[in-house]
Each structure stands twice: as structure tokens, then as C-alpha cells.
Amino acid sequence: MLLIHFFVENLVENQILKMKNKPSSFINFALTNKTESMAILGTLLKRKLSDDQVSNVFINALFDVVDNGFTEVSELINEDIAFVHSPNIEPNLNGEFALIVIAANLSSLESTFDADQAVRVEQMIFEKLGKIYSMSTAEFQTLAREYQSFIARVNYPSKNLVYGMSKAMFEKYKLNDFQDDYFRRMQAPNPLFLKRMDEVMANFIWNWDAFFKKYKMN
């Protein structure tokens with residue numbers, strides 16, 4: 001799990017640095033050096049960010065963890081002892097994972113920001129992600145809402161977002177097909193697998209508390 005922790009723990013710092021000398025609408029997916037990031041960050045503490053800048057940080061950070069984290073996630077799933085046969089998820093098949101991470105983090109954003117600010121930031125996120133996915137803003141918003149609803153549905157009655165992400169991964173990657181007869185007939189994930197998956201997916205939820213300790217919003 002070391003790769004996941006490295007990427008997640010340094011996302012905010014990396015993305016703020018990349019925006020420092022770029023237009024606020026710029027979207028870039030490269031990672032920066034950890035040591036350089038931490039050195040420059042000392043001068044950026046409590047820097048004020050606009051809604052547009054926050055949306056850029058959010059998008060870049062999520063795509064960094066998706067691009068760099070899914071290889072390890074897929075390996076952990078493929079090697080999990082809960083499965084009779086390995087699901088053999090290819091490391092490039094991160095599309096469902098990306099949408100689950102995006103949807104879950106939008107839900108986290110909505111529960112953290114005040115309502116008006118959440119709407120403003122989300123609209124910018126929908127617009128930019130729509131361009132990335134070659135969709136209109138409205139189309140991507142609909143897609144994101146569908147995934148948010150899916151996570152809530154498979155996780156009912158629990159409200160724990162991480163549990164929902166794990167169950168959504170189980171469903172979207174059709175992992176029931178690889179379980180033993182008992183759990184496959186029940187069409188329910190092995191709880192031991194879910195527990196291990198929860199530990200993995202918890203790394204992909206944005207830490208807004210850490211963000212607001214260092215940055216303010218205009």
C-alpha cells in the first residue's frame with residue numbers, strides 16, 4: 001500500500017505548486033517532486049484560492065491517484081484470497097474506478113462546503129470533467145449523479161462513504177463471479193474482502209481537513 005499512501009498524502013501540495021505559474025483553467029496530470037513541493041509549500045501556507053483553482057486542484061489530484069493508484073488496487077483485488085479464481089483485472093481498466101472515486105469525492109465535497117460554494121465549485125468540476133470525458137457539462141453531471149446514487153444504493157442503509165466505494169467496486173467489476181459458491185449464491189461480497197477493500201478505498205477520499213489547514217478560499 002506504499003504507493004497509494006505516497007500519492008494521496010502529497011496531492012494537494014503537488015497540485016497547488018503546478019498551478020502557481022499557470023492560468024487558473026490549466027489542467028495538468030504530471031506529478032512533482034515531493035522534496036521540492038514541501039520546500040515551496042512553506043511560503044504558501046494559508047494561500048487564498050478561488051473556486052476555479054480549487055476545482056483544478058480537485059480534478060488534478062483525483063486523476064493523479066486514479067492514474068497512479070489503480071495498478072496497485074487491481075493487483076490487491078486480483079491477489080485477494082477471498083476469490084476462488086483471480087478476477088485478473090487489467091491495470092489499464094480504471095474507468096469504473098475513476099468514476100467511483102470522482103462520485104464519492106463529490107459527495108465528500110458536498111458534505112464539507114456550504115451549499116452555495118459547493119454548487120459553484122461543482123459546476124466548474126462538471127464543466128472541466130465534461131471536456132475531459134468529451135461530454136457536455138450537463139451530461140457529465142448526470143453521469144456523476146448516477147454514480148453517486150449507485151454508491152448510495154449498494155451501500156444502503158449504511159451512510160459510510162468508504163463502505164459504499166468498496167461495494168461499488170465489487171459490483172462494477174463483477175467480483176461476485178469469482179467468489180466461492182456460498183457468497184456467489186448469496187450475491188453478496190465476502191465481508192473479509194470488503195474489510196480489506198475499505199482499507200484501500202479510504203486512501204482515495206480527499207482530506208478536506210488537511211486542505212483547509214493550509215489554504216483558504218476566496
Checklist entry - Hey, Phe29 hits all of (1) at pLDDT 50 or above; (2) under 29 Å from Gln123 (Cβ atoms) but one; which does it fall short on? => result (1)
Checklist entry - Can you tell me which residues in the stretch 69-98 are among the acidic types (Asp, Glu) and part of a helix (DSSP H, G or I)? => result Glu72, Glu75, Glu96
Item to check | Among (1) modelled with pLDDT of 95 or more; (2) crowded, with 17+ Cβ neighbours inside 10 Å; (3) of a type in the set (Val, Ile, Thr) - the single one Val84 does not satisfy | outcome: (2)
Item to check | Yes/no for Glu75 being out of contact with any strand residue (DSSP E or B) (no Cβ under 7 Å at 6 or more places or on another chain), under 30 Å from Phe193 (Cβ atoms) and at pLDDT 95 or above | outcome: yes
Checklist entry - Residue check, Glu13 against (1) surrounded by 16 or more Cβ atoms within 10 Å (Cβ to Cβ); (2) modelled with pLDDT under 90; (3) farther than 16 Å from Tyr215 by Cβ, all met but one. Which one? => result (3)
Checklist entry - Within the stretch 156-164, can one find any residue that is modelled with pLDDT of 95 or more, hydrophobic (A, V, I, L, M, F, W, C) and under 15 Å from the mean Cα position of the chain (by Cα)? => result yes
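The values are calculated or read from the model by the stated rules, or taken from the named source; none is laboratory data. Note that the structure is a prediction, hence the values are computed from the model and not measured. Don't worry about glycine lacking a Cβ; one is built from the backbone with ideal geometry, like all the others, and counts go over all protein chains shown.
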